[in-house]
1. Sort out which residues of region A:106-146 are touching a residue at least 24 places away in the same chain (Cβ under 8 Å), away from every other protein chain (no Cβ under 14 Å) and not charged (D, E, K, R), and write them in order of number.
2. State all residues of region B:95-151 that are in a loop (DSSP other than H, G, I, E, B) and among the aliphatic types (A, V, I, L, M); if no residue qualifies, say none.
3. For residues in region A:1-31 being open to solvent by 60 Å² or more (accessible area, probe 1.4 Å) and not in a helix (DSSP H, G or I), which is farthest from the other protein chains (Cβ to nearest Cβ)?
4. Only one residue in B:202, B:103 is away from ligand 2 (no atom under 16 Å from the Cβ), buried (at least 23 other Cβ atoms within 10 Å of the Cβ), more than 19 Å from the chain's Cα centre (by Cα) and touching a residue at least 12 places away in the same chain (Cβ under 8 Å), so which one is that?
5. Among residues belonging to region B:69-120 that are under 19 Å from residue A:28 (Cα atoms) and of a type in the set (Phe, Trp, Tyr), point out the one that is farthest from the other protein chains (Cβ to nearest Cβ).
6. Assess whether residue A:34 counts as being open to solvent by 30 Å² or more (accessible area, probe 1.4 Å) and either on the phi < 0 side of the Ramachandran plot or more than 14 Å from chain B (Cβ to nearest Cβ) (or both).
7. Report, by residue number, each residue of region A:47-68 that is over 20 Å from residue A:19 (Cα atoms) and open to solvent by 40 Å² or more (accessible area, probe 1.4 Å).
8. Any idea how many residues of region B:367-386 are open to solvent by 40 Å² or more (accessible area, probe 1.4 Å) and either closer than 18 Å to residue B:73 by Cα or within 16 Å of ligand 2 (Cβ to nearest atom) (or both)?
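The values are calculated or read from the model by the stated rules, or taken from the named source; none is laboratory data. This is a predicted model, so every value here is computed, not measured. Virtual Cβ from ideal backbone geometry, glycine too; neighbours counted across all protein chains shown. When the accessible area is computed, the model is the full protein with side chains, heavy atoms only, and any ligands, DNA or RNA have been set aside. Shrake-Rupley method; radii C 1.70, N 1.55, O 1.52, S 1.80 Å.
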Amino acid sequence: MLTTQQEKLMGELKAIVEKHGTDRSALIPILQDVQKCYHTISDFAMQVIADMLGIHPVEVNSVVTFYAFLNEKYHGKFVIRLCRTISCEMAGKAAVARQLENDLGIKFGETTDDGRFTLEWANCIGMCDQGPAMLVNDQVFTRVTPEKVHDILQMCEQSFGPHTLQKAEEHVL
Amino acid sequence: MSTMNDTMLATIEADAGLKAALQQSRIDVIGIIRDSGMKGRGGAGFPTGVKWNLAAGVHSDKKYVVCNADEGEPGTFKDRVIMSDWPDLVFEGMTIAAYAIGADEGIVYLRGEYTYLVKQLEECLQKRRDNGLLGHSIQGKEGFNFDIHIHMGSGAYVCGEETALIESLEGQRGEPRNRPPFPVNTGFKGRPTIVNNVETFAWASAILSKGADWFKSFGTDKSTGLKLFSVSGDVARPGVYEFPMGITISELLNQVGGEGAKAVQIGGASGHCVPASQFGRTIAYEDIATGGSIIVFGPERDMLDVVENFLEFFQDESCGQCTPCRIGNTKLLDGVRMLKRGECSMKYLRELVKLGQTMQIAAKCGLGQSSPNAFLSIVENFQNEIMGRIPASA
Ligand SMILES: Cc1cc2nc3c(=O)[nH]c(=O)nc-3n(C[C@H](O)[C@H](O)[C@H](O)COP(=O)(O)O)c2cc1C
Ligand code: SF4
């Protein structure tokens, strides 16, 4: 990373920490914001946050690795999480999973080369009466069928305008 | 019935319970909750009045009221519906609890999967502040100050366990603590804290509004009141239902269009799998307790697929802190896969049963203690179906 880039990032990270404060109980809200903005929590970010909270970076790392929604590995701008728990399984999640893999050209746990999509499994997302269900970032889709997968992905693609990144940060799809 | 408008909960007048509470002493408010006999609606079934009384009795400069909105148990979604349809009732219940125990700060621990609810919940909180239902001297009650904020979870089922939830609030990994000490004494930041389920707070508002006797007029002696159930699986009308405690499984199945089921999973992945021969049993603390998850399996379902799915869930969600749970769930899952391939001897199956029973005793928290339940009940009730399989490919 260029020094100027690093300085810019440092400034942004500091602003996030300052928003939440430096109490230990602010750590997870801070990490959630970093994840939302950068789609990953880098070593550098962990170091900056640790320094500001006065804890060891390994402490930050141990928290990041514990939670499914905090990630060291880069995640796409659209994270698709298909529910794999029993009611969605009985409602036909396997066919939806297959079609997601086909249409995105990746397997579960992978991110597309263009950095747009990450495909993951989720445990029960509380839509058991309307399965198969999945989350795309924070938005929930229910009664998904293999045919609908294409429409949902296209909707994501279309929102890739100049404002997409900003939109993703605001947690609107 | 799955339209929530037909429920009793929908008829509760907004903030009547809070207004009634503020006209009484703290002790009397706790007394009413205790008289109602309500047990926690999150699954563990601890009497709510007793919990509040314990926290009220501790002297401290700071106490917390925490609403457990982590709703991660497979098959459970009634808390989502309560928060979408009646958020006021939940915040009202938290405010009543705060008054009763002497707390000035409330936290809703909302699962990350429900981020789409935040905007609506924040708006509701703001409206309550504007209307003097949160903030300083609530409803003109001098010295009663209380506010609520929302804290997001980050995708970990175990954080629904109350001590793991507190660890998570404190910025740590969500690893359950040893109990005692209990949160009512040593909770968030070491202060007395009550953790209650979303539905528990909603019913607390209803009880203060309508009285303990009204609540007790539903249910059984040991399991009073009404309860919300999340119904999914092989039924004609899945959704959220309100039933009195003590309903039999067959009555429930009739209401939701699940007649002809082969088995019902009560209490989610950590609950029990009840075969059709036992559908006369009741859903109550004295028989089969539950946080409200009902998953129905039709005649064609393979019970090994079901238990494999549950054990994959537990293997994934175990915090890994203690051996019986970390290793035990993996062993049970391997065993189920052996059964599916038709490669498991009776001797090994009996060892797996012993392992499951050991986990029930030796695991540190409720996750590991209950994760073998489904496996054990399926081995007990469906032995004919699971032994001597010929694999599909053979
Ligand atoms: C692994 C595990 C997960 C749990 N998840 C939840 C949950 O999502 N929501 C909940 O209210 N209680 C959950 N509980 C129960 C809580 O520990 C606690 O008993 C409950 O929040 C108390 O509230 P109540 O008395 O109002 O039911 C869970 C327990 C365990 C062991
Ligand atoms: S039983 Fe499982 S989830 Fe609970 S503390 Fe032990 S390893 Fe963690």
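1. A:111, A:112, A:115, A:117, A:119, A:144, A:145, A:146 - these are the residues of region A:106-146 that are touching a residue at least 24 places away in the same chain (Cβ under 8 Å), away from every other protein chain (no Cβ under 14 Å) and not charged (D, E, K, R).
2. Restricting attention to region B:95-151, the residues satisfying the condition of being in a loop (DSSP other than H, G, I, E, B) are B:102-104, B:111, B:131-134, B:136-137, B:141-145.
Hits for region B:95-151 are B:103, B:133, B:134.
3. A:2
4. Testing whether each residue is away from ligand 2 (no atom under 16 Å from the Cβ), buried (at least 23 other Cβ atoms within 10 Å of the Cβ), more than 19 Å from the chain's Cα centre (by Cα) and touching a residue at least 12 places away in the same chain (Cβ under 8 Å) leaves just B:103.
5. B:109
6. Working: open to solvent by 30 Å² or more (accessible area, probe 1.4 Å): no; either on the phi < 0 side of the Ramachandran plot or more than 14 Å from chain B (Cβ to nearest Cβ) (or both): yes.
Judged against the criteria, residue A:34 is not a match.
7. Scanning region A:47-68 gives A:56, A:58, A:59, A:61, A:65, A:68.
8. Counting residues in region B:367-386 that are open to solvent by 40 Å² or more (accessible area, probe 1.4 Å) and either closer than 18 Å to residue B:73 by Cα or within 16 Å of ligand 2 (Cβ to nearest atom) (or both) gives 1.
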